[in-house]
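The block underneath contains the structure these notes are about, expressed in structure tokens.
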Amino acid sequence: MPAVNMERLRELCLGLPGTTEEIQWKDDLLFKVGGKMFAITPLEPTGLWLCVKADPEEFAELTERPGVIPAPYLARAKWIAIEAPDALSVSEVERLVRRSYALVLAKLPRQKRESISEGTARRKQRKWAKRRKRR
């Protein structure tokens, strides 16, 4: 089964509106939206590959799958840990990352959510304007 590599994971996360990345806790790469984390991946091998927030209705089902466990320290908040890049299919990992992002974004204060969506709309307008100028 093909796996999501670190480059593809970064591309996926940073492609989501308002996402930032930072290194925290010495060697963990965090992806955040509105200052809240939605994905964590260690930069050094630890036995875990990726942690994301799971949909509460899906949490138990996900953690019953091979290669997926409740995330250490974060399980009570319904976070899962994927043990290896090939534990799930590429499409499943991408779906879980996007869902984690959406869950975290939904919990942000309304003003933060709106500023993130406005920033996305402005970027799209600028791209469209550049394309029209080229013609």
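Since every read-out is calculated from the coordinates, none of them should be taken as a lab result. Treat the numbers as computed from the prediction; the structure is a model and nothing was measured. Cβ coordinates were reconstructed from backbone atoms using ideal geometry, including for glycine residues, and neighbour counts include every protein chain displayed.
Quick look at the numbers
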quantity: Near-label residues of region 92-110 by backbone N, under 12 Å of a point 7 Å along Cα→Cβ of L74; calculated: 97, 100-101, 104
quantity: Expected-Rg normalisation [2.2 N^0.38 Å, Cα atoms] applied to region 47-107; calculated: 1.00
quantity: Per-bin percent of Cα-Cα distances, the chain [5 Å]; calculated: 2, 10, 19, 21, 19, 12, 8, 5, 3, 2, 0
quantity: Projected-area average for region 5-63 over all orientations - Cα convex hull basis, square nanometres; calculated: 4.8 nm²
quantity: Under 5 Å, built H, 5+ apart or other chain: amide partners of F38; calculated: F31, K32, V33
